[in-house]
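Everything below concerns the one structure shown next.
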Amino acid sequence: MNIMWWQILLLTLYAGYQILDELQVYSSLSAPVFAGLFTGLVMGDLKAGLIIGGSMQLTVLGVGTFGGASRIDANSGTILATAFTVALGMNPEQAIAAIAVPVASLMIQLDILARFANTFFAHRIDKLVDDMNYKGIERNFLMGALPWSLSRMTPVFLALAFGGGLVEKVVGYLNGDLKWLGDGLSVAGAVLPAVGFAILLRYLPVKKHFPYLILGFTLTALLGTVFTNMQLLGGSVASVVDDFTGVFNSLPMLAIAMIGFALAAISYKNGQMVPTGPSSHSSSSDSSDEGEIEDDEI
């Protein structure tokens, strides 16, 4: 399957938009899982897009930036990995390790280039502030979006338009002479989400809230077992009863999310009921460091 021109156009435009959404709009359309969803819809294989997007979302789950630091561009990696997976029939797990992660890492350099290019407009705005030129300030502010968008659109367009042949040869080698390496990349791609969870747990105050960690793990295991057995029961009944049309869906994570929301709401309401009058100030000095993160929790 070849990647059509309209697919390249849509994915290139989305690549340029997603970084702007991440910087200013904050609609969550720049999340890797949405990048996989959108690319899967455009390429005609929603399942592959969600597998790659969800895996990349979990991989960068605990990765954050502070100040002007750059991080891997999981969105661009997801777009290219999903597009080539559908076009060339790759294994999604293999595409994660062979395409998504390397591309996401290489995009750090273009992110830095975009930041450098933006200083041109920043200096122009500084001068326009002194001149009280408000129209010029607005114009240069909007023009500052160009380096960000081009830093994503250009590599995605070039890779989709001209990189198909190279990727096809690499896939051929990975599934042929280097099958051992291709199998290893598939395993690595399946393990990467666990790395994201490990990074997240490393930075969360787990020691302080370990009861919630135990509770979440236990609920996930219990509900997963319950729903799985319900599916097995439904399949068994359907195999012996011709008129049975019931469908048993596996939705343990929805139940986990609702329980987590309930616990968060309870914690928030308990925090709202803490007294804030003069009597509470006397003990504020004794408990001022109660909410601080200790060194071993960072």
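Readers should treat all values here as calculations from the given coordinates under stated rules, not as data from a laboratory. Since we're looking at a predicted model, the values are computed, not measured. Methodologically, a virtual Cβ is constructed for each residue, glycine included, from the backbone with ideal geometry; neighbour enumeration extends over all protein chains shown.
A few points about this structure:
- Shape call, the range 5-203: gyration tensor on alpha carbons, a/c limit 1.5: prolate
- Straight-line reach from LYS207: taking Cα to Cα under 30 Å and skipping same-chain neighbours fewer than 8 places apart, the lysines in range are LYS269.
- Extended-chain gain in nm, criterion 0.36 nm per residue less alpha-carbon gap, LYS269 and LYS179: 26.8 nm
- Among ILE8, ILE19, a tally of other beta-carbon atoms within 10 Å of each Cβ gives an order, fewest to most, of ILE8, ILE19.
- Dipole magnitude for the range 5-203: about 100 debye, using +1 per Lys or Arg Cβ and -1 per Asp or Glu Cβ, origin at the Cα centre.
- Whole-Hz Karplus values for the range 121-136 come out as 6, 5, 5, 5, 5, 4, 5, 5, 5, 5, 8, 6, 8, 5, 4, x Hz, taken residue by residue from phi with 6.51 cos²θ - 1.76 cosθ + 1.60 and θ = phi - 60°; glycine and proline positions read x.
- Residues of type lysines that LYS127 reaches as a straight line, Cα spacing below 18 Å, ignoring anything fewer than 8 places off in the same chain: LYS135
- Ranked ASP21, ASP130, ASP73, ASP177, criterion: other C-beta atoms within 10 Å, fewest first: ASP130, ASP177, ASP21, ASP73
- Neighbourhood charge, 15 Å Cβ-Cβ cut-off, centred on ILE19 and excluding it, Lys, Arg +1 and Asp, Glu -1: -1
- Calculated SAXS-style log₁₀ I(q)/I(0) at q = 0.13, 0.16 Å⁻¹ - the range 87-135, Debye, Cα scatterers: -0.54, -0.62
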